1. Using θ = phi - 60° and the Karplus relation 6.51 cos²θ - 1.76 cosθ + 1.60, list the HN-Hα couplings for the range 140-148 in order, rounded to whole Hz, with x at every Gly or Pro.
2. Rounded to whole Å, give me the distance from the Cα center of the range 73-120 to that of the range 188-255.
3. Consider a paramagnetic label point 7 Å from the Cα of residue 120 along Cα→Cβ; state which residues of the range 69-97 have an amide N under 19 Å from it.
4. In terms of modelled amide H atoms, which long-range or inter-chain residues lie less than 5 Å from the amide H of residue 15?
5. Report the accessible area of residue 22, computed with a 1.4 Å probe over the heavy atoms of all protein chains in place, in Å² rounded to the nearest 10.
6. Where both partners of a DSSP beta bridge lie in the chain, what percent of those bridges are antiparallel, to the nearest 5?
7. Given the range 61-150, report the % of alpha carbon pairs whose separation exceeds 21 Å.
8. Would you calculate, for the chain, the mean residue ellipticity at 222 nm contributed by helices, counting each DSSP H stretch of 4 or more residues as -39,500 (n - 2.57) and dividing by all residues, to the nearest 500?
Amino acid sequence: MDPDTRNDGERVADFGYEQVPWDEKKRRVRGVFDSVATRYDLMNDVMSGGLHRLWKRFAIAKTRLRPGQQALDVAAGSGDLAAGLARRVGKSGRVVVTDINAAMLEEGRNRLLNQGFAGNVDYVLADAEALPFAASSFDCITIGFGLRNVTDKDRALASLHRVLKPGGRLLVLEFSHAELGPLAPLYELYSLKVLPRFGEWLVGDAASYRYLAESIRRHPDQATLKAMMERAGFERCEYYNLTAGIVALHVGFKL
């Protein structure tokens, strides 16, 4: 039986450790990010101990973007990666910022405008599984800490491949499967027990933090995601483990 179907034949998706009807996951994920949108950066700092800034800096360096090029940031959140892309492409280039969640897109837009990014940054409410752009539109695409929240990851990767220019690169920055040896139980305790308590204390929402921690465990490991990218048509795929694999940066090319 297909692992995405139940005994009654209904298609299901993982929502953390829970299985929900396939069409319901997007609604639930939207609810999570509606809840945390105004505290999203605080959430990232809590979840990563502030390391997310270094991981994003590493990803931006791997874009190899040049002034005048076109970049797309999918599931952009509060816009950290988009800001880095905009600096790389300069005034003569263009960055398109997308998110499926209107509250997150507005949060990112306000933050980028406050940082002085205007004129070369556009904002589009869009689903990663069906990006509303012409084929071969972008020199580089990033998706940071968003792929694990997508219902149909294979469809999203195919959509990303379609809108990437030949010679362009996709970068997927995501929490992954860590190799922490004897420290692994502490990481599990922090992720699954401590983080939800921080969520309750900081934003009054333990459930959203619990989902985010559980979603990391349900996300494909490094080798599996690399294989998924290759099936979607990406070539020369590789990944970089950051902080012992707590996060991985996957890079693939459209040749």
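The values are calculated or read from the model by the stated rules, or taken from the named source; none is laboratory data. Being a predicted model, the structure only gives us computed values, none of them experimental. Cβ sites come from the backbone with ideal geometry, for glycine too, and all protein chains shown count toward neighbours. When the accessible area is computed, the model is the full protein with side chains, heavy atoms only, and any ligands, DNA or RNA have been set aside. Shrake-Rupley method; radii C 1.70, N 1.55, O 1.52, S 1.80 Å.
1. 8, 10, 10, 9, x, 6, x, 5, 5
2. First find each Cα centre; the distance between them is then 22 Å.
3. Residues 69-74, 79-97 qualify, since their backbone N sits under 19 Å from the label point.
4. 20
5. Result for residue 22: roughly 50 Å² accessible.
6. Details: 18 of 37 bridges.
The answer is about 50 percent antiparallel.
7. Numbers: 888 of 4005 pairs.
Percentage above 21 Å: 22.
8. Numbers: 10 runs with 105 residues, N = 255.
Roughly -12500 deg cm²/dmol at 222 nm, from the helical runs in the chain.
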